[in-house]
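Here the structure is laid out as structure tokens; the discussion comes afterwards.
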Amino acid sequence: MLKTLSLGTAVEHTRAIRISDRTRVPLQTGLAMVLAYGVGLAMDWHNLHWAGLAVAVCGLGSVGESLHKGMQRVLGTLVALFLAFVVLNQFIQDRWLFLITLSLWTAFCSYMSMVSARSYFWIVAGFSLPLLTIGGGGPVQTFDVIVLRAQQTLLGVLSFTLVAVLIFPVNSGRTLAGRTTELVSALRDLSREVLSMLSRVTATNASALEPVRLGELRTRATQALGALPALLAAAELDTYRVWESRLAWRAALHDLAQLNRTLERLHQNQKELSAIDLRGHLPGLDTLHAAVDARLQRVIALLPDLGDPEPALPSVRVGDAAAAKINLDLDLQTSDLSSFDRAALALTRQQLDQINRLTVGLRADIEAIATLSKGPADGDEQGDGNRPASPFNIAVLLEPERLRSIVRQQSTFWLAVLCLFYIPDMPLSDITIVIAASLAMSLNLVPQVRPQTLIAPVVVALLFAGGLHLLVMPHLEGFAALATLLFAVTFFISWLFHEPAQAAGKSIGLACFVVVMAVDNQQTYSFITFANLGLGMALTVGFLTLTTYVPLSFRAEDRSIALIARWFRSASWLLGTLGTDAERAEQAQALGFRARLGYHRRLIAQIPQQLATWSRMLSAVAVGSAGPAPMQMLVTTLQAMSMRIEDLLDTRDAPHSPAMARALAEAVREWRLVVRDMLARSAVEPGHLDAAELRARLDGKLLQIEGLMERAMDEDRDFLAHLTLNENSYRLLGAYRGLSERLVGFAQAAGEVDWSRLREPRF
Amino acid sequence: MPPIPSEFAIGEVYLPPFLVVTLLAMAAATLSTHLLNRLRLSRFFFYPPLVLLALTALYIVGIGTWIIPL
């Protein structure tokens, strides 16, 4: 591969013609299609559309991305190939056992495709088993079919890779560096906004903040973060420098994700900090602001060259002008702040410290990448280096939303099987089962997409390909004419659907084209084959449409309500775990408890993201006259509450001041149980909370705790003894207050949602 | 005497009558549910997805009995 890479690099450096991506990728795909068909016809192989499908699916923006996807396709096929022999050997005589085995394998692969970073590998492995075992035209020919499939897939992937390396090659390294630069720029803007806000937040000017601008920045950062892991995997394959510094790259991406998250949490503090002069109490704030900005600017300056195969080594100044300490010796006890202001300050200071550490680490990682030296993360596994591992952390295996998707995938599979067996009038073939399995697995990755939307593109693509097959192909003479048609159509479809968001349209168009054309050395033209394929596809989409509603509903209204209820159940359960130290020590020993804790923590972190996607799909009828705004506000408040609960759980693990625990234990426990009950009730009836009443209760609770603190300070001589322990306790108080404030925000947003309209049964 | 079931010929493609009836029934059921949604009558059903299935079955029986004999 290294030889191939260096050849590609050489060609890239000698190229004189500049070409846009919109033209380059279709050109490469068209040429690869011609090459694959040319080789396949010369070898007299049948089922050439498998090679064409491999070209269609793997033709992406850069050599690395195409190679990465191609490798997943080849490996997935090889795994299914091995299993096909095993399954045929064991179960070929028993129809139902055979089908149950296929069903279980597709269910497993479908689940793995939803949790793995290499989802395409699992999808290919999943649908290839039915394809090889029942789509091959009978068990006698199965061995030949399996070998042919492996050959054709490899041919398609190799054809595209060869073309992509030799003709207008583009490395993923540059794209990776470009997208990372965009992300760092977004985070720099975000940090400027958030830190400036903190500097100027007071009760009088809090309303002058710019939520729209912040929202845009957050969206930019989140989108860029989502795309980077796949780009890094691709760049590791085609850019040697990225491969050499892959550990530093991974560490940098981890730091960027953490930085985004910490900035988000910091932003959530502004309400609690509204009465505090932050500059006065955190004298290092401005210096930190300048240092963070300078570090990110340095990173942005270094990044653009890092994706080049052989960049000029930049002059890297080793070390970093550290920011001034953020008042690490802040005297929380004697300052003139109220207890809750100290709590908010303690929480904020911890987050500022984390931002400081993360930006130092990020800059060091990027400098290590620039100089190809050993970075701070080399030889070290990812993780929060300074944070001790909680005894409660445990991996989560099964997630309910994904299990629901498996139910839909399996329903589609069995519906196709049973219709094929028991309704002879349905024009279904064994290949319909394969298409049903494959489409359902792909749809599971984007469960909010309605299958009906596939009908129009599939019909158009089939009619277009059918017209070419029946009207144009019979007039072609020789390979030159066929190659011209293949190139022209592939180029046209790829050019038309050039945007990443149009990838599904491109895949459908090219897949229908190569399947319907059915190119072979002994070419036949059959209208009935085309008509049956069209009807089979239409019925498959019909099955998917049906299983979107039965047995489990995938309507946006149903999913939104269910996700909100699940979030509140998990949040309520999590608050119930924050008992005394003795109770928690006992809980930490139980594996089942730790598994449940991990499960609920994961749910509250994931549900707001899922809910944001589902809530965007709500119809105008479902949201009623209030429009989509209250629902979006509600999702934002849930996200904020998730962060506060995370803070709460993290802070609870730290050692706390015994004196503060003595003074406040009972009041805090009472507070926690009240909030827990409210959360539990909101799971059933999210609109029941009254924001005004909640605000009054919260203010009363804050006053009660203030009073208890003052009394303890006067009466308990140990109260001021342990600064660090006291600070942990203040952070815990800050997290409780933050959660309660967000709950008030939720009550306001929930009050504006038309719940009866949303819950109304609808088709 | 009831009409004899026969295949549908579209060009030279022969379609079984059951397929045509099913497709027409699905289209009619979808149209009906759209209408029920629009008029907010769907709120009177306990589980609309099952009603959709039932409507499809009813349309299949109706079309298969009176319009395209199966």
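The values are calculated or read from the model by the stated rules, or taken from the named source; none is laboratory data. What you see is a predicted model, and the numbers here were worked out from it, not measured in a lab. Virtual Cβ from ideal backbone geometry, glycine too; neighbours counted across all protein chains shown.
Six or more apart or on different chains, Cβ atoms under 8 Å: show the pairs whose first residue is in the stretch A:75-90 and of a type in the set (Ser, Thr, Tyr) and whose second is surrounded by 18 or more Cβ atoms within 10 Å (Cβ to Cβ).
The qualifying pairs are A:77/A:124; A:77/A:125; A:77/A:128; A:77/A:149; A:77/A:150; A:77/A:153.
Starting from the stretch A:434-446, take each residue that is in contact (Cβ under 8 Å) with a residue 24 or more places away in the chain and list its partners that are buried (at least 20 other Cβ atoms within 10 Å of the Cβ) and of a type in the set (Lys, Arg), counting only C-beta distances under 8 angstrom and pairs at least six apart or across chains.
A:440/A:408; A:443/A:408; A:444/A:408
Residue A:283 fails exactly one of the following numbered conditions: (1) surrounded by fewer than 22 Cβ atoms within 10 Å (Cβ to Cβ); (2) over 30 Å from residue A:165 (Cβ atoms); (3) modelled with pLDDT of 85 or more; (4) not basic (Lys, Arg). What is the number of that condition?
So residue A:283 meets the others, but not (3).
Would it be correct to say that residue A:263 is under 15 Å from residue A:192 (Cα atoms) and surrounded by 21 or more Cβ atoms within 10 Å (Cβ to Cβ)?
yes
Does residue A:59 fit the bill of being surrounded by 24 or more Cβ atoms within 10 Å (Cβ to Cβ) and over 24 Å from the mean Cα position of the chain (by Cα)?
Criteria not met by residue A:59.
Going through the stretch B:50-70 one residue at a time, which ones are within 20 Å of residue A:538 (Cα to Cα) and either in contact with a Leu (Cβ under 6 Å, 6 or more places away or on another chain) or within 7 Å of chain A (Cβ to nearest Cβ) (or both)?
Once the filter is applied, which keeps residues that are within 20 Å of residue A:538 (Cα to Cα) and either in contact with a Leu (Cβ under 6 Å, 6 or more places away or on another chain) or within 7 Å of chain A (Cβ to nearest Cβ) (or both), the stretch B:50-70 yields B:52, B:53.
Return the residues of the stretch A:509-533 that are within 21 Å of residue A:479 (Cα to Cα) and free of Cβ contacts under 8 Å to residues at least 12 places away in the same chain; say none if nothing qualifies.
Those that are within 21 Å of residue A:479 (Cα to Cα) and free of Cβ contacts under 8 Å to residues at least 12 places away in the same chain: A:522, A:524, A:526.
Being in contact with a helix residue (DSSP H, G or I) (Cβ under 7 Å, 6 or more places away or on another chain) and either among the aliphatic types (A, V, I, L, M) or under 12 Å from residue A:83 (Cβ atoms) (or both) is the filter here; which residues of the stretch A:99-114 pass it?
A:99, A:101, A:102, A:105, A:106, A:107, A:109, A:112, A:114
Please indicate, with yes or no, whether at least one residue in the stretch A:102-118 is under 16 Å from residue A:433 (Cα atoms), buried (at least 20 other Cβ atoms within 10 Å of the Cβ), modelled with pLDDT of 90 or more and among the polar types (S, T, N, Q).
Yes: one or more hits.
Here is a check on your reading of the model: is residue B:18 within 8 Å of another protein chain (Cβ to nearest Cβ), aromatic (Phe, Trp, Tyr) and assigned to a helix (DSSP H, G or I)?
It is true that residue B:18 is within 8 Å of another protein chain (Cβ to nearest Cβ), aromatic (Phe, Trp, Tyr) and assigned to a helix (DSSP H, G or I).
Quick test of your reading of the structure: residue A:558 fulfils all but one of (1) at pLDDT 90 or above; (2) assigned to a helix (DSSP H, G or I); (3) more than 14 Å from chain B (Cβ to nearest Cβ). Name the failing condition by number.
That leaves (3) as the condition not met.
Can you name every residue in the stretch A:399-454 that is within 17 Å of residue A:556 (Cβ to Cβ) and basic (Lys, Arg)?
Answer for the stretch A:399-454, where residues must be within 17 Å of residue A:556 (Cβ to Cβ) and basic (Lys, Arg): A:404, A:408, A:450.
Yes/no matrix, rows are residues, columns are (1) in contact with a Pro (Cβ under 6 Å, 6 or more places away or on another chain); (2) modelled with pLDDT of 90 or more:
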position: A:533; (1), (2): no, no
position: A:537; (1), (2): no, no
position: A:550; (1), (2): yes, no
position: A:567; (1), (2): no, yes
position: A:587; (1), (2): no, no
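Consider residue A:525 carefully, then state whether it is exposed (fewer than 15 other Cβ atoms within 10 Å of the Cβ) and either within 24 Å of residue B:49 (Cα to Cα) or more than 9 Å from every other protein chain (Cβ to nearest Cβ) (or both).
Against the criterion (exposed (fewer than 15 other Cβ atoms within 10 Å of the Cβ) and either within 24 Å of residue B:49 (Cα to Cα) or more than 9 Å from every other protein chain (Cβ to nearest Cβ) (or both)), residue A:525 qualifies.
What number of residues within the stretch B:23-49 satisfy the criterion of being more than 7 Å from every other protein chain (Cβ to nearest Cβ) and of a type in the set (Val, Ile, Thr)?
Total satisfying the criteria: 1.
So, of the residues in the stretch A:671-714 that are in a helix (DSSP H, G or I) and acidic (Asp, Glu), which turns out to be nearest to the chain's Cα centre (by Cα)?
A:677
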